[in-house]
Structures are given as structure tokens and as C-alpha cells.
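Okay, so here's the structure we're looking at.
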Amino acid sequence: MKLARSIVIFATLPLVATLGGLLMIVFADETQWGYDGDQGPQRWSALAPEYLLCGEGKAQSPIDIRDAVDVDLVAIEFHYGETANKIFNNGHTIQVDVDPGSHIVYNGITYDLLQFHFHAPSEHTIDGEAAALEIHFVHKDRNSASLAVVGILLSEGDGENESYAAVFDHLPADVGDPAPLGEPIDLDTLLPEAQGYYTYQGSLTTPPCSEVVRWLLLDKPLELSTEQIAAFTAIYEANARPVQPLGERDLLRASP
Ligand SMILES: [Zn+2]
């Protein structure tokens, strides 16, 4: 009898542990965070234990770009192709998930492009100045958990940016799942021609603020029309984390 009971307890323990794990995952997934008030950036680290780095990390992003050290650095090799426009509103930004195949090679490492998304105003600032929007192309190292994020500032210019029309004509106001919409996108056309860039080692700019990102911020902004910018800010007026201290990190600039 006693023996049987202890077997039952032993058999139940892993199940309890598994359920606990599942509950943790569900809980983490449902932790609400945002850009103002009680759920704003100053409070992220208090919202969930796994968001601790957002408050205590020493290599956080974004940063203010100033006093970058000019050095000879390798170019970012872009190998971008066509993708279905799988655009969606994830509750924090408008994101486009891309088809497999597009990637960059940087310092001999191949990083696959996963998705791109937008922030308003820009998260990185240059000498304290923010641009209207910032786009983040998020890439993952094929052989590790490291990410490389290519950031581009988007400022207001004359006329519609036709390369971005496929995206900005379909911005979904309502939160939903990725679904192919409209014409495919030629990802190559989303990039500027000049590719000088700033680089530093940093983090995700959203919870859990993991410090796994090689930032590659292109040094020339792209231009969008007033209407294109307004189409985004009508949905997300302010989804930018404030700049974080550079601390002991190197901030380098590579000119083309
Ligand atoms: Zn981002």
C-alpha cells in the first residue's frame, strides 16, 4: 500500500513539473507590456522575471548614435530575394514575416532574414535626433542564437516611396495572424544604395531585452511620403523604447 502510494507520487511529479512549465510558458506569453503607463519601458523589468535584463542589462538597445569611431569594416553583404507579403499587426508593431532564403553575410557569418517591422518614432537617435520611423530587419545566425538586426531610419520626403508601397498600402489596423496579402515584395528594393553603417553589440528593444544582437544601423535614412508615415502612426503613434546608456561598449562607424 505504502509502496503503491509512493509510486503514484513519483509518477505524478513529472506531470506536475510539466504542467508548471506549461503554465510558466503560457504566463510568460501573456505578460502584457507596452509603451506607456504601468506597462511602459521603465516598468518592463518588473513585469516578469524573464524581463529582468530590460532593467539590469549593461548592453541594451536602442542607443543615441554619437561620437562613433571611424574604422575600416567589412561590408554587409545582402542576399535578399522575393517574398510573399505576410504582413500582420502583432499588438506591438506591424510586422512582415518573410519566406526562407533571404539572408546577409557579415564577418563571415550567415544570418537568415526572419522578419521586418517598424517603430515610431525611430528608436536609435543620431546626436539626439529621432527620425519619423525606423525599420528593423531581423536576422538569425544559422549556427547560434545570435541575431543581427539591420536598422534603417525613415524620414519624411517628397512623394510616395514606391518600394514600400506594397507594405504601407496594407497596414492592418487590427491585431491578427500573418497572412499573405497583395503583391509579393522584392526585398532588395527596400534597401538604400549607400551602405555605410554604425555597429555595436546590443539587445532586443522589446521584452525580454535579450543581449544577443549585433546592431547594424545604416547611416543614410530612406524617405517616405507624409501619407505613408501617417498611415503607420495612425496605428502605432509611439512604439519606440527610449535610448539606453552605451556604457563600456564600442560604437563603430564604417563608411562605404
Ligand atoms: Zn524593432
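Before moving on, here are some points about what is shown:
- The C-beta contact set for the range 68-82 (first residue within 17 Å of L251 (Cβ to Cβ), second residue hydrophobic (A, V, I, L, M, F, W, C) and outside any strand (DSSP E or B), distance under 6 angstrom, 6+ apart or interchain) comprises A68/L251.
- Residues satisfying the stated conditions in the range 215-236, i.e. closer than 13 Å to L171 by Cβ, among the acidic types (D, E) and under 20 Å from the mean Cα position of the chain (by Cα): none
- The one condition from (1) part of a loop (DSSP other than H, G, I, E, B); (2) at pLDDT 95 or above; (3) more than 16 Å from the ligand (Cβ to nearest atom) that Y164 does not meet is (1).
- Flag if R142 is free of Cβ contacts under 8 Å to residues at least 40 places away in the same chain and of a type outside the set (A, V, I, L, M): yes
- Exactly one residue out of I63, I87, I94 is on the phi < 0 side of the Ramachandran plot, out of contact with any helix residue (DSSP H, G or I) (no Cβ under 9 Å at 6 or more places or on another chain) and not hydroxyl-bearing (S, T, Y), and it is I63.
Residues checked against (1) in a strand (DSSP E or B); (2) within 16 Å of the ligand (Cβ to nearest atom); (3) charged (D, E, K, R); (4) open to solvent by less than 30 Å² (accessible area, probe 1.4 Å):
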| residue | (1), (2), (3), (4) |
| --- | --- |
| V149 | yes, yes, no, yes |
| L154 | yes, yes, no, yes |
| G182 | no, no, no, no |
| D188 | no, no, yes, no |
| W215 | yes, yes, no, yes |
| K220 | no, no, yes, no |
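- Here F137, F88 are screened, and the one residue that is part of a strand (DSSP E or B) and within 12 Å of the ligand (Cβ to nearest atom) is F137.
- A254 vs. criteria open to solvent by 50 Å² or more (accessible area, probe 1.4 Å) and over 17 Å from A130 (Cα atoms): no
- Odd one out for S144 among (1) within 12 Å of the ligand (Cβ to nearest atom); (2) polar (S, T, N, Q); (3) open to solvent by 10 Å² or more (accessible area, probe 1.4 Å): (1)
- Boolean, Q195 is more than 16 Å from the ligand (Cβ to nearest atom), surrounded by 15 or more Cβ atoms within 10 Å (Cβ to Cβ), more than 18 Å from F137 (Cα to Cα) and over 18 Å from the mean Cα position of the chain (by Cα): no
The values are calculated or read from the model by the stated rules, or taken from the named source; none is laboratory data. As the structure is a prediction and not an experimental result, all values here were calculated from the model. Virtual Cβ from ideal backbone geometry, glycine too; neighbours counted across all protein chains shown. The accessibility values were calculated without ligands, DNA or RNA, using every heavy atom of the protein model including side chains. Shrake-Rupley method; radii C 1.70, N 1.55, O 1.52, S 1.80 Å.
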